[in-house]
1. When residues of the range 137-170 are filtered for being within 16 Å of the ligand (Cβ to nearest atom) and either of a type in the set (Lys, Arg) or over 22 Å from residue 201 (Cβ atoms) (or both), how many remain?
2. Of the numbered conditions (1) more than 15 Å from the ligand (Cβ to nearest atom); (2) touching a residue at least 40 places away in the same chain (Cβ under 8 Å); (3) surrounded by fewer than 20 Cβ atoms within 10 Å (Cβ to Cβ); (4) over 20 Å from the mean Cα position of the chain (by Cα), residue 33 fails exactly one; give the number of that condition.
3. Could you please tell me which pairs satisfy a Cβ distance under 6 Å, a separation of 6+ or placement on different chains, a first residue in the range 138-153 that is in the same structural domain as residue 218 (by TED's automatic domain parsing), and a second residue that is open to solvent by 40 Å² or more (accessible area, probe 1.4 Å) and among the polar types (S, T, N, Q)?
4. Are there helices (runs of 4 or more DSSP H) fully within the range 285-394 with at least 2 residues that are open to solvent by 40 Å² or more (accessible area, probe 1.4 Å), modelled with pLDDT under 95 and aromatic (Phe, Trp, Tyr)? List them.
5. With the checklist (1) more than 21 Å from residue 341 (Cβ to Cβ); (2) touching a strand residue (DSSP E or B) at 6+ places or on another chain (Cβ under 7 Å); (3) open to solvent by less than 20 Å² (accessible area, probe 1.4 Å); (4) away from the ligand (no atom under 15 Å from the Cβ) in hand, flag the one item residue 22 doesn't pass.
6. Is it the case, given these coordinates, that residue 64 is more than 12 Å from the ligand (Cβ to nearest atom) and outside any loop (DSSP other than H, G, I, E, B)?
7. Exactly one condition in (1) within 22 Å of residue 73 (Cβ to Cβ); (2) among the small types (Gly, Ala, Ser); (3) open to solvent by 50 Å² or more (accessible area, probe 1.4 Å) is false for residue 137; which is it?
8. Consider residue 47 carefully, then state whether it is farther than 14 Å from residue 90 by Cα, more than 12 Å from the ligand (Cβ to nearest atom), under 17 Å from the mean Cα position of the chain (by Cα) and open to solvent by less than 40 Å² (accessible area, probe 1.4 Å).
Amino acid sequence: MTLDLLIIGAGPAGSALAAAAAARGLAAQAVDPDPARPWPNRYGLWLDELGPLADVVAHRWAAAAVTFDAARGASLARAYGTVDNEALRRRLAAPVVAGEVVAVDHDATGSTVTLADGATLRAAVVVDATGRGLGPAPAAPGYQVAYGRLVEVEGHDHPLDTMGLMDFSPVPGAPARPPTFLYTMPFGPRRLFVEETVLAERRPSAFDDLAARLEARLAHRGWRVVAVHEEERCLIPMGAPLPRVGRVLPFGAAAGLVHPATGYSLAHSLRTAPGVADALVEGLAAGPAAAVEAAWAALWPGEKRRLWTLYRFGLQVLTRLDVRETQDFFAAFFALPPPLVRGWLAGTLSLAEARQAMWGVFGGLPGALRARLIAHGLRPHGWRLLGALSSRGR
Ligand SMILES: Cc1cc2nc3c(=O)[nH]c(=O)nc-3n(C[C@H](O)[C@H](O)[C@H](O)COP(=O)(O)OP(=O)(O)OC[C@H]3O[C@@H](n4cnc5c(N)ncnc54)[C@H](O)[C@@H]3O)c2cc1C
């Protein structure tokens, strides 16, 4: 049997696209080495980004706190939650078969996928939803690195209805670079998920260094750990150029959907899967190559590419700031009007709004940092930034 769509990888992105395509009548299937294996990541997101999937939440907080230093911080009145991965998988109900893809070959009418056990599958269009991508990984200008623990503590003073999105309070004795923050999810009066995070850096920090900082931070706050239930090591390449697209359609993290300034991609993949499926349905009438082209254009319209270029510029800036500058940067960012903050974090702003947000942040920075950013902006990324801001950008 020849499928319309074969999706390599049944993580959240591949599953969302397989489900959206099947719902539109396409013969669609995902293939993954172990379809029953639980998705490994503890996904957190803004609940208003879940749309119709709002019932797949495992834990919710009414607000999120951001702390820049001892004197400055804000509470964002926006619900945040963790995803119940199994509930999301059940809701998507994507058709998945077991297999590890080792080769993909194309001809005029479609593609043949070879699995590790020698079996083959045939489809008009093949999608790469493998997360890291089937091809060689392009160099990333930045990495998000985080080390987290789900811990039992004797007690803590974190409000239970609020999660800590980023707390840049200094850790006594910690070096100024890279700047790290604490991400906190309070699950009860004695249970917390705590993660020491570098939002973006050029060379990834060692997990052991982050673990040591986390321990020092918890001790400084007086949160005495009595048990560690889980550990998380997170390394997310950010801001890499979009993959070159031939006959295989990338989707999810493999398609550059990871936000270059936050490292999030889950909501982005869930939000874009239906539109990509629509484009595939339409494009398939003109053949596999046309379908891939139409779907890629639906995923990456010109304005969104230019927006991503702006985000990459933001990423480059972030990787160069020390602790004090990072605190000032985020104090200015979170002072923006809430719709701009929300849209920037979601990646849904128009170019005009993104420009407004950038100028807003710039205007809110101390003079010395503004001067440093101007100097940075002109070498070497400023020209790329100007290209992105101009109407002629790709
Ligand atoms: C520790 C961690 C925490 C994260 N937390 C968040 C978060 O809180 N919120 C957020 O938005 N983002 C988060 N991210 C970033 C990002 O959203 C995730 O990486 C997300 O899992 C990407 O989804 P995906 O479906 O594109 O890829 P993946 O989840 O990586 O899924 C890829 C799938 O492809 C399969 N596969 C790979 N190769 C083959 C092959 N050859 N043949 C068949 N199948 C194959 C794999 O088995 C896997 O199931 C996190 C990332 C990490 C690493």
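The values are calculated or read from the model by the stated rules, or taken from the named source; none is laboratory data. What you are looking at is a predicted structure, and each value in this text was computed from that prediction instead of being measured. Every residue, glycine as well, gets a Cβ built from its backbone with ideal geometry; the counts of neighbours run over all protein chains shown. Note: areas computed on protein heavy atoms with side chains; ligands, DNA, RNA excluded. Shrake-Rupley method; radii C 1.70, N 1.55, O 1.52, S 1.80 Å.
1. Selection size over the range 137-170: 3.
2. Failed condition: (1).
3. none
4. Counting at least 2 such residues, we get 351-363.
5. (3)
6. Yes.
7. (1)
8. Considered against the rule, which asks whether it is farther than 14 Å from residue 90 by Cα, more than 12 Å from the ligand (Cβ to nearest atom), under 17 Å from the mean Cα position of the chain (by Cα) and open to solvent by less than 40 Å² (accessible area, probe 1.4 Å), residue 47 comes out as yes.
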